[in-house]
Amino acid sequence: LALTKMGYLPSALVLTDGDERAIELIQMNLENSFNKIDSVRTKATTLLWGDDDQIDAIKAWCRASFASWSKTEDLRFDCVLAGDVLYKDNLPRLFFLTAHALLKNEGTLWLCHVPRNGVSYDLVVNEACQCGFDVQTIDTPIETVEGCPDEDVKRAVVYRMIKKERRH
């Protein structure tokens, strides 16, 4: 709904998590009649980061689930949105490699990060750059978020990361 208010109507919105139970909960929310979600454009599936087979599987799943993608094009996304997903020190590299593999060239990764368990701002930026992203920190003058501890809101940083072709 927020995307459409900004004048952007995606042809597909894919919600993912590595936890099957989380996907079940997402699916229940998508099916709830009180939500104003376009069920033709919005679907949920599992995705484990850093696994090439999973990346190929999600591309095949998207082709089967959405009529908007041709059966022959290399399926890539314009944009990936992620929030508070980097909470273990082994996750950033897996996450950024996966996002890079799923984005079109010049595609945008929007990440809201709250440092946890040794996953610092510097670690996030360094890993993103090593995985082929140009990183920009976005100024967010938000002081409170309903349901989010004030301390997390204060520590949260939003990044806009643009995919560049990786050089080997």
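The values are calculated or read from the model by the stated rules, or taken from the named source; none is laboratory data. All values reported here derive from a predicted model rather than from experimental measurement. For neighbour counting, all protein chains shown are included, and Cβ atoms are generated from backbone atoms with ideal geometry for every residue, glycine included. Accessible surface is based on the protein model in full, side chains and every heavy atom, while ligands, DNA and RNA are left aside. Shrake-Rupley method; radii C 1.70, N 1.55, O 1.52, S 1.80 Å.
Just a few scattered comments:
- Packing order of peptides 105-111, 152-158, highest average first: 105-111, 152-158 (average count of other Cβ atoms within 10 Å over each peptide's residues).
- Ligands, DNA and RNA are left out, and with a 1.4 angstrom probe the accessible area of the chain is 63 Å² per residue.
- Protein accessible area in the chain, 1.4 Å probe - carbon and sulfur %: 51 percent
- Where N is the number of residues in the chain, Cα Rg divided by 2.2 N^0.38 Å: 1.06
- Cβ-based charge dipole, the chain, positive-most Cα from I37, L102, W49: L102
- CD proxy at 222 nm, helix term only [per DSSP H run n ≥ 4: -39500 (n - 2.57); per residue of the chain; nearest 500]: -10000 deg cm²/dmol
- Spatially near lysine pairs across the range 56-168, Cα under 17 Å, sequence gap of 8 or more or different chains: 5
- Note on C129 and I142: their simple-model spin labels are 2.6 nm apart, each label 7 Å out from Cα toward Cβ.
- Computed magnitude of the charge dipole of the chain (debye, nearest 20; Cβ of K, R +1, Cβ of D, E -1): 520 debye
- Sorting C112, C62 by solvent-accessible area of protein heavy atoms yields C112, C62, largest first, with a 1.4 Å probe.
- Note on exposure: M28, M161 ranked by accessible area (1.4 Å probe, complete protein assembly) read M28, M161, with the most exposed listed first.
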